[in-house]
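Read the structure below first, then the notes.
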Amino acid sequence: MKLIERDEYLKEMREVEGTPDIKVLTGVRRSGKSKLMDRFTEDLKNRHENANVIHINFNLIDFEDLQEYHRLEAYVEDHYQESCDNFVLIDEIQMCKGFEKAINSLHARGKYDIYVTGSNAFLQSSDLATLFVGRTYRIDVFPFSFREYSTYYAIDNPYKGLTQYLTEGGMAGSYLYRAPEQKYKYINDEVLKALIVRDIVRKQKIRNVQLLDKLIDYLMDNVGNITSVRSITDTLESNRTKADHKTIGKYIDYLCNSFAFYKIRRYDIRGKKYLRSDDKYYLSDQSFRYARLGIKNMDYGHILENIVAIELLRRGFETYIGVLYKKEVDFVTIRNGKTNYIQVAYDISEPSTLERELSPLRQIKDNYPKILLARTYQPEYEIDGVCVIDVADWLLGK
């Protein structure tokens with residue numbers, strides 16, 4: 001498989017190198033965490049003349065004997081080198097029974113720089129504080145961005161490239177398959193079914209797998225729509241699926257903690273406060289929807305919104321759904337005290353559509369940047385103080 005440099009992640013790993021934290025790479029299954037660890041191993045050896053990199057990958061049978069925490073710690077201690085900078089990199093850490101005891105013990109010794117990845121169901125962000133006694137630093141790894149996708153395929157025309165990316169998505173493992181049917185089969189079987197059945201169901205001991213499946217279908221079909229636990233429960237029950245809001249709430253938490261979905265809350269722009277009810281849920285990669293539900297009912301507007309939502313999270317923005325005078329601004333982003341308002345539309349060629357998208361932004365009275373992202377196929381321009389940018393150019397960072 002062709003490999004590309006994932007510069008932003010490598011940069012972040014270098015920046016936290018040498019800190020006393022346990023570095024934890026998180027992200028949806030098959031988003032490239034193990035490949036990133038392989039690349040970081042090479043990078044450490046190239047940059048440090050005295051680097052002793054102890055890299056354990058539990059996907060390999062070579063390390064099968066270490067699947068017990070006493071043996072794991074003993075192996076690392078046996079490979080420690082006094083005169084070197086000692087780095088410990090462990091892939092699929094959950095395959096070692098009692099792994100947290102080994103990691104906490106190694107961390108307490110104060111002589112290792114530790115990096116781990118693991119199955120999302122067994123290494124959830126909500127579990128890190130209780131699993132590891134020492135401080136943790138989380139590095140969120142997402143599927144390929146449009147920029148990475150363009151690099152991988154050496155795309156010259158970003159506008160045509162985005163049309164491909166809308167349906168192919170960022171799960172790089174699927175790129176090895178030529179036919180769309182084969183790509184989606186890989187995503188459905190190797191990512192979704194493994195994530196749901198092998199990980200979430202097993203960890204959480206879920207008995208009602210059918211309810212979980214129907215919930216996933218509902219969330220995928222309603223990407224970008226305002227929803228709530230209560231409305232989901234009511235809809236499922238109206239379709240003769242027995243459900244209760246507590247169970248649905250728990251299942252949604254499992255899916256979000258496993259990075260299959262991301263929940264984005266609503267923010268009252270005028271009142272400057274967060275709203276408690278009715279959120280939006282976005283897929284970590286848009287290809288999941290097509291792999292599971294098919295491509296008959298293509299909803300390009302909401303899929304484009306999904307891509308922008310994940311890109312904002314990928315870039316590290318604190319992201320919310322904006323509410324102003326009963327109108328919605330797709331995204332309010334905050335970083336370093338600076339706010340941006342972003343509206344997303346697939347096609348604004350019709351004057352009525354353009355007016356509908358500009359209307360919520362015009363009603364915002366502060367002076368923070370207001371942006372409309374759409375498929376304009378032309379350079380950036382401005383309307384009434386709103387910056388209109390082609391979404392392909394924005395995704396490429398132009």
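The values are calculated or read from the model by the stated rules, or taken from the named source; none is laboratory data. Quantities reported herein were computed from a predicted structural model and do not represent experimental measurements. Please note: Cβ atoms are built from the backbone with ideal geometry, for glycine as well, and neighbour counts cover all protein chains shown. When the accessible area is computed, the model is the full protein with side chains, heavy atoms only, and any ligands, DNA or RNA have been set aside. Shrake-Rupley method; radii C 1.70, N 1.55, O 1.52, S 1.80 Å.
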| request: Could you tell me which residue of region 268-303 is nearest to Pro360 (Cα to Cα), considering only residues that are open to solvent by less than 50 Å² (accessible area, probe 1.4 Å) and assigned to a strand (DSSP E or B)? | output: Asp268
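Return the residues of region 220-239 that are part of a loop (DSSP other than H, G, I, E, B) and not hydroxyl-bearing (Ser, Thr, Tyr); say none if nothing qualifies.
Step one: list which residues in region 220-239 are part of a loop (DSSP other than H, G, I, E, B), which gives 222-226, 228, 239.
Across region 220-239, the qualifying residues are Asn222, Val223, Gly224, Asn225, Ile226, Asn239.
Just name the residue that is nearest to Glu92 (Cα to Cα) out of those in region 9-27 that are assigned to a loop (DSSP other than H, G, I, E, B) and either open to solvent by 40 Å² or more (accessible area, probe 1.4 Å) or of a type outside the set (Gly, Ala, Ser) (or both). Reasoning before the result, please.
Taking region 9-27 and keeping what is assigned to a loop (DSSP other than H, G, I, E, B), we get 16-21, 27.
Pick out the ones that are also either open to solvent by 40 Å² or more (accessible area, probe 1.4 Å) or of a type outside the set (Gly, Ala, Ser) (or both) and you get 16-21.
Details: Val16: 21, Glu17: 20, Gly18: 22, Thr19: 22, Pro20: 21, Asp21: 19 Å.
Checking each candidate, the answer is Asp21.
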| request: Just one of (1) farther than 21 Å from Arg356 by Cβ; (2) part of a helix (DSSP H, G or I); (3) of a type in the set (S, T, N, Q) trips up Asn306, so point out which. | output: (1)
| Failed condition for Lys101, given (1) touching a Phe, Trp or Tyr at 6+ places or on another chain (Cβ under 6 Å); (2) among the basic types (Lys, Arg); (3) not in a helix (DSSP H, G or I), with all others met? | (3)
| Residue, farthest from Phe146 (Cα to Cα), within region 318-328, restricted to residues that are open to solvent by 30 Å² or more (accessible area, probe 1.4 Å) and touching a Pro at 6+ places or on another chain (Cβ under 8 Å) | Lys327
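Could you list, in sequence order, the residues of region 237-252 that are buried (at least 19 other Cβ atoms within 10 Å of the Cβ) and closer than 20 Å to Leu283 by Cα?
Within region 237-252, the first condition is being buried (at least 19 other Cβ atoms within 10 Å of the Cβ), and the residues that meet it are 243, 248, 251-252.
Result: Ile248, Tyr251, Ile252.
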| said: I'd like the full set of residues that are farther than 25 Å from Gly337 by Cβ and assigned to a loop (DSSP other than H, G, I, E, B), limited to region 363-398. | reply: Arg375, Thr376, Tyr377, Gln378, Pro379, Asp384, Leu396
| Arg265 being open to solvent by 80 Å² or more (accessible area, probe 1.4 Å), over 29 Å from Gly170 (Cα atoms) and not aromatic (Phe, Trp, Tyr) | no
| query | Under 8 Å by Cβ, and 6 or more places apart or on different chains, what pairs join a residue from region 166-195 that is outside any helix (DSSP H, G or I) with one that is of a type in the set (Val, Ile, Thr)? | reply | Gly169/Ile187; Met171/Ile187; Met171/Val191
| said: On the basis of being open to solvent by 50 Å² or more (accessible area, probe 1.4 Å) and in contact (Cβ under 8 Å) with a residue 40 or more places away in the chain, does Arg30 make the cut? | reply: yes
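Which residues, counting only those in region 132-165, are part of a loop (DSSP other than H, G, I, E, B) and aliphatic (A, V, I, L, M)? Step through it out loud before you land on a result.
Going residue by residue through region 132-165, those that are part of a loop (DSSP other than H, G, I, E, B) are 132-135, 141-145, 154-157.
Residues satisfying the conditions are Val133, Val141, Ala154, Ile155.
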| request: Kindly provide the set of residues from region 332-357 that are exposed (fewer than 11 other Cβ atoms within 10 Å of the Cβ), in a loop (DSSP other than H, G, I, E, B) and either touching a residue at least 12 places away in the same chain (Cβ under 8 Å) or on the phi > 0 side of the Ramachandran plot (or both), ordered by number. | output: Asn336, Gly337
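Does region 146-164 contain any residue that is open to solvent by less than 30 Å² (accessible area, probe 1.4 Å), touching a helix residue (DSSP H, G or I) at 6+ places or on another chain (Cβ under 7 Å) and free of Cβ contacts under 8 Å to residues at least 60 places away in the same chain? Full working, then the answer.
Kept after step one, since they are open to solvent by less than 30 Å² (accessible area, probe 1.4 Å), are these residues of region 146-164: 146, 148-150, 152, 158, 161-162.
From what is left, the residues that are touching a helix residue (DSSP H, G or I) at 6+ places or on another chain (Cβ under 7 Å) are 146, 149-150, 152, 158, 161-162.
Those still in the list that are free of Cβ contacts under 8 Å to residues at least 60 places away in the same chain too: 149.
Yes, region 146-164 has at least one match.
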| query | Which ones in region 4-27 are touching a helix residue (DSSP H, G or I) at 6+ places or on another chain (Cβ under 7 Å) and farther than 18 Å from Thr136 by Cα? | reply | Ile4, Arg6
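Here's the yes/no breakdown for (1) surrounded by 19 or more Cβ atoms within 10 Å (Cβ to Cβ); (2) within 26 Å of Pro180 (Cα to Cα):
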position	(1), (2)
Ile307	yes, yes
Leu313	no, no
Gly316	no, no
Asp330	yes, no
Ser359	no, no
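So which of Leu36, Leu66, Leu72 ends up being within 30 Å of Ser145 (Cα to Cα) and either open to solvent by less than 30 Å² (accessible area, probe 1.4 Å) or more than 25 Å from the chain's Cα centre (by Cα) (or both)?
Working: Leu66 fails: within 30 Å of Ser145 (Cα to Cα); Leu72 fails: within 30 Å of Ser145 (Cα to Cα).
Checking each option against the conditions leaves just Leu36.
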